[in-house]
């Protein structure tokens, strides 16, 4: 009955989108305009783009996805192609686009998943950025620099990025990029402590002052070695200098101090590296071979030192030292063959090796006393995975209006864990997929897809972690298995004009081995809690606002409504999936829609160009539902009462730069958390106590002011 009710609510939501959306689209339609799936560079001129990222952000009815954590090189990609190829790098698409100057973009094509081939799987829409290599040979430099003030921090941070392209020869181009972001934020939490009978027992105050600095250097080489051979090489190195101070004070209702914790965190030997490349050889116009290789490494040493005072006279120094080394190695070969009329065949194989090596040492020492180590299960762990994957797919143009795509992957892997736990496991997964794209008219397209998806395991969850400030621990679980799902999706896309688009999608997922929190010997751990379901509807679109008397204004929107259902392993009752922290952008960056497993989320973006003064202004509104996290004897509920509102004003009146002024999160939408503790476990239903927290500052609840100057020189 609950699932039927969810389906009815989703149906009402979908119908509402159609009723409300279609009249708006009709009003915004441009007389005689054809539906657009290819956008020339001139289409974006009114937005004053500096990089390809600025252009992709304005493609009507399209949202760029940075990719999900999935097994395999292709499956983890976002929905971006460059000159018809997926970049041979795991750098997120939004970062790659920032390195391409707008002047080098010839056009941007909006493709269906079937048009893009198996390199981009599980995506209904893909954007292909067509770049003219000769435009990169002029040695253009793109620079962006700015300052920002984040509320509560009492400091000014900065952001800097510079990209330049070089012509090494008529057939070789080199593009380099350097970024130096500096984020100086502060979080403030206020808590009320209550008994199970809602009687106030005390108060708690926490703050954290972060200093995050990094230097990101990257380079991309494109070499057209022969008319039949193309080589790409990507390099990236990111050293990071992060640190922070934290404190917590707890008092009784009378105001008497019960205790405090003060400390600092240092991150040393902190860096990431990546080397990736590909070589493509075209044997003929219908046959090509592409070889891809990728090597990445990550390192960080984290040291936490806390001085703990418990009234009236108990003192303790606690130190936590954690080291983490991780990496990935991928080799992939893929063949594209178009010899059969109307068919595009693709097949190949991929091999990968992933590892994560973690140590954790916790030591407590009273004044004048000896150091005492705290034993923790699965504190030291090395996890290795060796994986192989063979695949084949066929995209068939059955008729001028109908494209069918079918494919299958067979994956086999072995995961080995050593350290405090010794274990070896083997997995085999068959991952079929089918999709159909039907162009009903020049303005309307229908898409359907059905696939089996296998999630990527987070090796961090195989080892234990401790949070001193929240007095909680997560035990490592060597028995964790990947979450799998059968995913069905039906999508309708309509384009009434070049800048008017609406996409409505219905989806239903049957999920096996739902990833959630489980009980292991009285400790919370990440694990699998059985089978579940996810059903929902998505909507996105863009509407020019000429019918409201604003001929140069437009509205872009995207939204999600869904229901998840799984049986709780503690209570035996149906509930939604646990929702981990899923951030919606940064205080100084753009708001993004990240629905995850939340019940609903929306993002609305308004922009009004002012050509008479070579300027534009606008606003972004984003909000999402509350989220819940279920542990053995605790339940967390998080909610934001007001949406995030960002405002901006930009101008190109000062040539040759664009100046952007912004104020983000002007409503200061704080996050409220209710933490409920149960007697025994949640199955008892008996509440011992509550903690009510108001979170200010941090990445989600800080008002930010800043400016950014960008240009191409």
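Data table
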item	result
Answer residue from segment 484-521, given it is crowded, with 20+ Cβ neighbours inside 10 Å and in a loop (DSSP other than H, G, I, E, B) and is nearest to the chain's Cα centre (by Cα) among those	514
Residue 489 modelled with pLDDT under 95, touching a strand residue (DSSP E or B) at 6+ places or on another chain (Cβ under 7 Å) and under 30 Å from residue 542 (Cβ atoms)	no
Given (1) crowded, with 21+ Cβ neighbours inside 10 Å; (2) under 22 Å from residue 394 (Cβ atoms), number of the condition residue 432 does not satisfy	(1)
Test set (1) farther than 29 Å from residue 169 by Cβ; (2) under 31 Å from the mean Cα position of the chain (by Cα) - residue 195 fails condition number	(2)
Meets criteria (under 24 Å from the mean Cα position of the chain (by Cα) and surrounded by 15 or more Cβ atoms within 10 Å (Cβ to Cβ)) for residue 186	yes
Qualifying positions in segment 377-420 - outside any strand (DSSP E or B), surrounded by fewer than 20 Cβ atoms within 10 Å (Cβ to Cβ) and touching a residue at least 60 places away in the same chain (Cβ under 8 Å)	377, 380
So residue 451, is it crowded, with 17+ Cβ neighbours inside 10 Å and part of a strand (DSSP E or B)	yes
Elements of type strands (runs of 3 or more DSSP E) in segment 132-198, at least 2 residues being over 25 Å from residue 48 (Cβ atoms) and touching a residue at least 12 places away in the same chain (Cβ under 8 Å)	156-169, 172-179, 186-195
Qualifying residue in segment 435-444 (condition: surrounded by fewer than 14 Cβ atoms within 10 Å (Cβ to Cβ), over 27 Å from the mean Cα position of the chain (by Cα) and at pLDDT 90 or above)	yes
Failed condition for residue 415, given (1) over 26 Å from the mean Cα position of the chain (by Cα); (2) modelled with pLDDT of 95 or more	(1)
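Residue by residue, here is whether (1) at pLDDT 60 or above; (2) surrounded by 17 or more Cβ atoms within 10 Å (Cβ to Cβ); (3) in contact with a helix residue (DSSP H, G or I) (Cβ under 8 Å, 6 or more places away or on another chain); (4) within 20 Å of residue 492 (Cα to Cα) holds:
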position: 8; (1), (2), (3), (4): no, no, no, yes
position: 13; (1), (2), (3), (4): no, yes, no, yes
position: 19; (1), (2), (3), (4): no, no, no, yes
position: 26; (1), (2), (3), (4): no, no, no, yes
position: 40; (1), (2), (3), (4): yes, no, no, no
position: 54; (1), (2), (3), (4): yes, yes, yes, no
position: 73; (1), (2), (3), (4): yes, yes, no, no
position: 79; (1), (2), (3), (4): yes, yes, yes, yes
position: 94; (1), (2), (3), (4): yes, yes, yes, no
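The values are calculated or read from the model by the stated rules, or taken from the named source; none is laboratory data. Note that this is a predicted model, so its numbers are computed, not measured. Quick reminder, even Gly has a Cβ in these numbers, built from the backbone with ideal geometry, and neighbours come from all protein chains shown.
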